[in-house]
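Student: Pasting in a structure now, in structure tokens, and then I'll have a few things to ask.
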Amino acid sequence: MPAGYHAAPVSSGEKVLSFMAISDVHITDKESPSQPLFLARLHAGKSIAVYSPTMLYTTQVLDAAIRTVNALRKQEPIDFLISLGDVANDGQYNELRWYLDVLDGKVITPSSGAHAGSGFIDYQRPFKAAGLDPTIPWYQAVGNHDHFYFGTFTMDDRLRASFVSDSLFVMSDPFATKEFSINGNPKYYSGTIDGSTPYGTIVQMGPVTDPLFANGSPKIVADPDRRSLTRKQWMTEFFATSTLPVGHGFSAANLENDFSCYSFIPKATVPIKIIVLDDTSDELVSQNHNGGRGFLNEQRYTWLVRELDAGQKEEQLMIVAAHIPLGVEKAGSLLSWDDRNSFVTEKALVAKLQTYPNLLLWIAGHRHLNVVKAFVSPDPDRAELGFWQVETSSLRDFPQQLRRFDIRVHNDATVSMVVTNIDPAVQEGTPAATSRSYAVLTEQRYPHPRIYQSGCDGDPTLPYCFDRGIRPLPFGSYNAELLKKVSSTMAVKLKGMGGERKGNQSP
């Protein structure tokens, strides 16, 4: 642990802040003409991000998660909820509205176009969402899927037109081209899901030369609500909700400047600041690269440093909430940091973060994993320069969990962060329960390589096993109490706010 302390029992210390995190909900318009479903056939077992049967039930699982948060709120206070990005699978207007409407407690019609099967298929049937308890404010971070196609490709004019078309999208296999492109030599119809079938049968998919398509592009019922949103348009929708706060962290200045970073103080009586950082790629930068990699331009990096400097000067403990994590992917992987194009390299960013004694956490989603990583202080005599990173898994894929964070202050110059994975409470026989079983079955059939890679133990030649400090658990959950030593000046400010920490300690 960065502080060099032994963990204390979770019952010790004074709890000063509790919040919930969800991530990677991936609300999906199953009947969109632009889902790249054919990739699941071409790359069976390697593209569950493209297709998994769980995509049929994304709105219902989100509703179950929100009902769970509400139930926990009845037991004890929850100061806020934060969503760590990728709320929509492809940044469509209707996908985002379903997400917002679930949180607002509206009636959800989780189908589009012809609304096939909406009267008799469980995943297509309209339902009344519970809505988030109005006493819980919630905040939003941006994910790469919220403004990139498939979380990866820049939305060009041809792509945007395809979303609202009555013809299925035709594209190339991006993994078979050196350019990592979908526009080079288009030769596959993307496919769509027949909502009138109980298991969501994929139809109209395959090579353009297939006799099935002898008469040209297959047709579907177009839907204007499928339109693709820019990042600015995406932020604008967060002002059209009935839950609080208005904008859910985004301000009029964010819209005016097309800038998707902000910070907030959850409790006026507690010196903790949340810094919500957009670390997804820029559209122009990613035209010939993968938009799923971590990235900061000069403007966002300068803003982050300014926020960290201000928090340190004002003696605030700080938590950075971003979509993409740091230091957990081998350079060059599809989910790694984009050192080639980012204003700051991953190594330089981590080094900068380790100059702030008051930084507690970097929390993220993106990889659909529950993982905890210690960024140990580079100075053995200044343990307070270390910080923790906590990843929260996806609500779409196994293990479909959300996470609770409880921040406790102790009178021995330490702060502990109790991080707990939580399963959505689902009733047997409901669509959400079906999705949970599908997630388990998918994981068994196509196990996640970052969890089940065997015999790697830090071997840098293997794609996911370069960090001996990362130990994902095979059952997906990762609970812990994480300890952080704070600076002497911060300890003075926290004096009297915390309780006695029980258990052994060694400075």
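The values are calculated or read from the model by the stated rules, or taken from the named source; none is laboratory data. As the structure is a prediction and not an experimental result, all values here were calculated from the model. Heads up, the Cβs are rebuilt from the backbone with ideal geometry, glycines too, and the neighbour counts pull from every protein chain shown.
Student: Within the stretch 274-283, how many residues are touching an Asp or Glu at 6+ places or on another chain (Cβ under 8 Å) and either modelled with pLDDT under 95 or surrounded by fewer than 21 Cβ atoms within 10 Å (Cβ to Cβ) (or both)?
Tutor: 1
Student: Take the residues of the stretch 339-358 that are of a type in the set (S, T, N, Q) and over 25 Å from residue 86 (Cα atoms): which is surrounded by the most Cβ atoms within 10 Å (Cβ to Cβ)?
Tutor: 358
Student: I've got another one for you. For the structure I just gave you, tell me whether residue 280 is closer than 18 Å to residue 136 by Cβ, assigned to a loop (DSSP other than H, G, I, E, B), among the polar types (S, T, N, Q) and in contact (Cβ under 8 Å) with a residue 60 or more places away in the chain.
Tutor: So residue 280 fails the test.
Student: Tell me, please, whether a residue that is over 23 Å from residue 363 (Cα atoms), polar (S, T, N, Q), at pLDDT 95 or above and surrounded by 18 or more Cβ atoms within 10 Å (Cβ to Cβ) can be found in the stretch 115-128.
Tutor: yes
Student: Quick test of your reading of the structure: residue 163 fulfils all but one of (1) touching a residue at least 12 places away in the same chain (Cβ under 8 Å); (2) surrounded by fewer than 24 Cβ atoms within 10 Å (Cβ to Cβ); (3) not small (Gly, Ala, Ser). Name the failing condition by number.
Tutor: Among (1) touching a residue at least 12 places away in the same chain (Cβ under 8 Å); (2) surrounded by fewer than 24 Cβ atoms within 10 Å (Cβ to Cβ); (3) not small (Gly, Ala, Ser), the lone unmet condition for residue 163 is (2).
Student: Here is a further query. Testing residue 369 on (1) aliphatic (A, V, I, L, M); (2) part of a loop (DSSP other than H, G, I, E, B); (3) surrounded by fewer than 22 Cβ atoms within 10 Å (Cβ to Cβ); (4) out of contact with any Leu (no Cβ under 7 Å at 6 or more places or on another chain), one condition comes back false. Which one is that?
Tutor: (3)
Student: Next up: Anything in the stretch 370-390 that is under 19 Å from residue 324 (Cα atoms) and in contact with a Lys or Arg (Cβ under 6 Å, 6 or more places away or on another chain)? List them, or say none.
Tutor: 389
Student: Please go through (1) out of contact with any Leu (no Cβ under 6 Å at 6 or more places or on another chain); (2) at pLDDT below 95; (3) buried (at least 21 other Cβ atoms within 10 Å of the Cβ); (4) not polar (S, T, N, Q) for residue 409 and return the number of the only condition it doesn't satisfy.
Tutor: Going through (1) out of contact with any Leu (no Cβ under 6 Å at 6 or more places or on another chain); (2) at pLDDT below 95; (3) buried (at least 21 other Cβ atoms within 10 Å of the Cβ); (4) not polar (S, T, N, Q) one by one, residue 409 breaks only (1).
Student: Sticking with this one: So residue 197 fits all but one of (1) modelled with pLDDT under 95; (2) surrounded by fewer than 21 Cβ atoms within 10 Å (Cβ to Cβ); what number is the exception?
Tutor: Checking residue 197 against (1) modelled with pLDDT under 95; (2) surrounded by fewer than 21 Cβ atoms within 10 Å (Cβ to Cβ), the one that fails is (1).
Student: To continue, here is another question. Give the number of residues within the stretch 318-331 that are in contact with a Pro (Cβ under 9 Å, 6 or more places away or on another chain) and surrounded by fewer than 19 Cβ atoms within 10 Å (Cβ to Cβ).
Tutor: Qualifying residue count, the stretch 318-331: 1.
Rundown of residues vs (1) assigned to a loop (DSSP other than H, G, I, E, B); (2) closer than 21 Å to residue 24 by Cβ, yes/no style:
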residue: 99; (1), (2): no, yes
residue: 115; (1), (2): yes, no
residue: 145; (1), (2): no, yes
residue: 161; (1), (2): no, no
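Student: Hey, another quick one. If only one of 419, 440 is modelled with pLDDT of 95 or more and of a type outside the set (Phe, Trp, Tyr), which one is it?
Tutor: 419
Student: Condition first: in contact (Cβ under 8 Å) with a residue 24 or more places away in the chain, within 30 Å of residue 495 (Cβ to Cβ) and either in a loop (DSSP other than H, G, I, E, B) or among the aliphatic types (A, V, I, L, M) (or both). Now tell me which residues in the stretch 283-310 satisfy that.
Tutor: 304, 305, 308 - these are the residues of the stretch 283-310 that are in contact (Cβ under 8 Å) with a residue 24 or more places away in the chain, within 30 Å of residue 495 (Cβ to Cβ) and either in a loop (DSSP other than H, G, I, E, B) or among the aliphatic types (A, V, I, L, M) (or both).
Student: I want to confirm something. Restricting to the stretch 200-230 and keeping residues that are surrounded by fewer than 20 Cβ atoms within 10 Å (Cβ to Cβ) and assigned to a helix (DSSP H, G or I), which single residue is farthest from the chain's Cα centre (by Cα)?
Tutor: Within the stretch 200-230, the match that is farthest from the chain's Cα centre (by Cα) is 211.
Student: Within the stretch 422-437, restricting attention to residues that are among the aliphatic types (A, V, I, L, M) and either touching a strand residue (DSSP E or B) at 6+ places or on another chain (Cβ under 8 Å) or buried (at least 17 other Cβ atoms within 10 Å of the Cβ) (or both), which residue is modelled with the lowest pLDDT?
Tutor: 426
Student: Being out of contact with any Asp or Glu (no Cβ under 8 Å at 6 or more places or on another chain), surrounded by 19 or more Cβ atoms within 10 Å (Cβ to Cβ) and within 17 Å of residue 390 (Cβ to Cβ) is true for just one of 361, 304. Which residue is that?
Tutor: Only one candidate passes the filter, namely 361.
Student: Which of the residues that make up the stretch 237-261 are part of a helix (DSSP H, G or I) and exposed (fewer than 15 other Cβ atoms within 10 Å of the Cβ)?
Tutor: Passing the criteria: 239, 246, 252, 253, 256, 257.
Student: Considering only residues that are over 18 Å from the mean Cα position of the chain (by Cα) and within 22 Å of residue 384 (Cβ to Cβ), which ones fall in the stretch 311-345?
Tutor: If the condition is that a residue be over 18 Å from the mean Cα position of the chain (by Cα) and within 22 Å of residue 384 (Cβ to Cβ), then 311, 312, 313, 314, 315, 316, 317, 318 are the ones that fit.
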